[in-house]
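The values are calculated or read from the model by the stated rules, or taken from the named source; none is laboratory data. All of these numbers come straight from a predicted model, not from anything done at the bench. Note that we place each Cβ from the backbone using ideal geometry, even for glycine, and neighbour counts take in every protein chain shown. To get the accessible areas, we keep the full protein, side chains included, count just its heavy atoms, and leave off ligands, DNA and RNA. Shrake-Rupley method; radii C 1.70, N 1.55, O 1.52, S 1.80 Å.
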Amino acid sequence: MQPSIPASALRHPRALVPVLVSLGMLVAVVSSLGAPLIPTIAAKDHVPVSTAQWALTVTMLVGAVATPVMGRLGDGPYRKNVILVGLAAVLAGSLLAALPFGFGCLLTGRALQGVGLGLVPLAIATARDALPPERARSAVATLSLTTAAGIGLGYPITGMFAEYLGMYAGFWFAAATAAAAFAATVLVVPTPPHRPSTPMDYPGGLLLAGGMAALLVTLAEGERWGWGSVTLLALAAAAVVLLTGWVVHSLHSTHPLVRIRLVKDRGVLLANVTVMVGGVGTYLLISLVTRYVQTPTSAGYGFGASIVVTGLLLVPFSAASLITGRLVRMLGRAATPARMLPLGCLLSLGSLVCFLLARSSLWGIGAMMALAGLGVGITFAVTPGLIVGGVPAQETGSAMGFNQVVKYIGYSTGSALSAVILQAATAPGAQLPSDDGYRTAGLAGCTAFLLTGILAVVLTRTGASRRPSVVTLRGGATVVPDDGTRSEAGRP
């Protein structure tokens, strides 16, 4: 497969990958900004903590809807414009969130920042079009890893800014970085290859938006409303009906928002199932760790750590997830999805086992997060190659957008699951859950990663292992032409 964009069209070829990676890192950091600030937001804006939680939920909600829409728009001739519009939304949202005009202004800003979550699939599509196969595979793996690395960077950035410069300083930082990314994109990111534009699927977009909104509100408000409440059950039923309607509509539409039939490709299916179920375990672990280490020692467990210390404990997660891109490439031809995906799940499972058995020191928790970063990093490095190898080039943005949506569903489910389990372990009238609650939640996370590993083994053994990997070398790689067909190159 040759790049769809000729090398002569790249004004700054060496800067392209760093700029694309900076887009991914900006989005990942922005998506986690504000998490440690929820109690501060509640106190400063005089709203309940459950209401302040929407400063996080609204970003995820808007991102889940905007991502497939931007992916579809970016598959046509306007990709660079769509990237710039997304960055402009992040910049505007960061400025609004940074202004001390009350909770409504902050919430609006966080919603606009959510538009930026759709930038990663567009960056991946750009890398596929503009780079030779070897560099494209490496860049795609690195871009996918930024979503994991940013989780561990947003927390300490927010914590340090809040500790020393005030609550709004982190959002001013996000505004400055968004402005720099906008300028770099204008100068470096090339115009996409000429492809006919696809009509926007407005009915599909509305069905997906309504279904995702109902689903994420159900997950976000379940603890506060009660998981057995009539309102919540009705909302959950609406989510199922709307999302089912979206799938049926997409299967019968000429120009759907996401081509569901492509998702049925075994490699694409494996990638989507892996990131969704693995996302449950990942965010469950992160939620448990951040809450556990901030618990006062008077509870009989915990460390009473500050926001800054809590954020710094997630840095090993980010660092380890970033180095796995190079690790996976070093493994070369042996690093097929059939071998790498179960390995990633095994490492992630090991991190939760460590949480169950050895969470008595901050050093131990830091090492445990590094192990989790290795597992998640390997998984995220491999799955984009399965998608890129299973869809035509003109569908890359849309397919990667759908992959991001299912990842967000997994993240939201893991976060909600941790809250449900810990709430069930909290005695009536008590403020904190028992230590047994963390053990139960850890076992639930182990189950998620065990299930992910089993699914990876089953699906790869039944055929997905033949799909190309982001780490396969050119001399023995499965070449994926732009029309989506596959041809074997250099096989013995």
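Multiply the residue separation of residue 367 and residue 40 by 0.36 nm, subtract the distance between their alpha-carbon atoms, and state the gained length in nm to one decimal.
That works out to 114.8 nm of additional length.
Counting only protein heavy atoms, what percent of the accessible surface of the chain is carbon or sulfur at a 1.4 Å probe?
69
Distance in nm between label sites at residue 251 and residue 426, each 7 Å beyond Cα in the beta-carbon direction?
Spacing of the two 7 Å Cα→Cβ label points: 4.2 nm.
Suppose each label sits 7 Å from its Cα in the direction of the beta carbon; what would the residue 339-residue 108 distance come out to in nanometres?
5.5
Grab the beta carbon distance between residue 101 and residue 163, set R0 = 25 Å, and tell me the FRET efficiency rounded to 0.05.
Efficiency for this residue pair is about 0.65.
I'd like to check one number: the per residue accessible area of the chain, probe 1.4 Å, reported in Å² as a whole number.
That works out to 38 Å² per residue.
Projecting each Cα onto the charge dipole of the stretch 17-176 (Lys/Arg +1, Asp/Glu -1 at the beta carbon, about the Cα centre), which of 103, 23, 158 comes out farthest on the positive side?
Projecting each Cα onto the dipole axis, the largest value belongs to 23.
Kindly express, to the nearest 10 degrees and within the range 0 to 90, the angle between helix 337-357's C-alpha long axis and the longest C-alpha principal axis of the chain.
10
Assign one of three labels to the stretch 349-412, namely rounded, prolate or oblate, based on the Cα gyration tensor with a ≥ b ≥ c the square roots of its eigenvalues; rounded applies when a/c is under 1.5, prolate when it is not and a/b is larger than b/c, and oblate otherwise.
prolate
Between the stretch 390-449 and the stretch 291-325, what is the separation of their alpha carbon centroids in Å?
18
Given the DSSP H assignment, sum -39500 (n - 2.57) over each helix run of at least 4 residues in the chain and divide by its residue total; what's the result at 222 nm in deg cm²/dmol, nearest 500?
The helix-only estimate for the chain comes to -24500 deg cm²/dmol at 222 nm.
How much length would be gained if the chain were fully extended between residue 85 and residue 14, taking 0.36 nm per residue of separation minus their Cα-Cα distance, in nm to one decimal?
23.2 nm
Which of rounded, prolate or oblate describes the stretch 261-333 when judged by the alpha-carbon gyration tensor and an a/c cut-off of 1.5?
Oblate, because a/c is 1.5 or more while a/b does not exceed b/c.
Once each part is reduced to its C-alpha centroid, what is the distance from the stretch 188-263 to the stretch 66-107 in angstrom?
What the calculation gives is 19 Å, centre to centre.
Within the P(r) computed for the chain, what percentage of the Cα pairs occupies the region above 31 Å?
40
Calculate the spin-label point distance for residue 440 paired with residue 298, positioning each point 7 Å from the Cα along the beta-carbon direction, and give it in nanometres.
Label-label distance for residue 298 and residue 440, simple model: 2.5 nm.
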